[in-house]
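Worksheet for the structure shown next.
The values are calculated or read from the model by the stated rules, or taken from the named source; none is laboratory data. Quick caveat, the model's predicted, so the values are computed rather than measured. Protein only, heavy atoms only, side chains kept; ligands, DNA and RNA dropped before computing areas. Shrake-Rupley method; radii C 1.70, N 1.55, O 1.52, S 1.80 Å.
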Amino acid sequence: MPDAQLFARRGGHAPELDNNEHLFELGRFLDHLHSVGELKKFQHRPALTVQDYGR
């Protein structure tokens, strides 16, 4: 996605979560991220274990 923006860049402003159009676009973006992640296995992803990160 070259130069694609989900929302206009405005520092300090979150998307309006009560706006259905914003929620739809957020959902599409998350779907795209998951689709890209499925293309190949992670090679450098550390395991999150209780021994390393738990107390």
Does Q51 satisfy the condition of being polar (S, T, N, Q), over 16 Å from the mean Cα position of the chain (by Cα), at pLDDT below 90 and open to solvent by 100 Å² or more (accessible area, probe 1.4 Å)? yes
Please give the number of the condition E16 fails out of (1) modelled with pLDDT of 85 or more; (2) open to solvent by 100 Å² or more (accessible area, probe 1.4 Å); (3) not in a helix (DSSP H, G or I). (2)
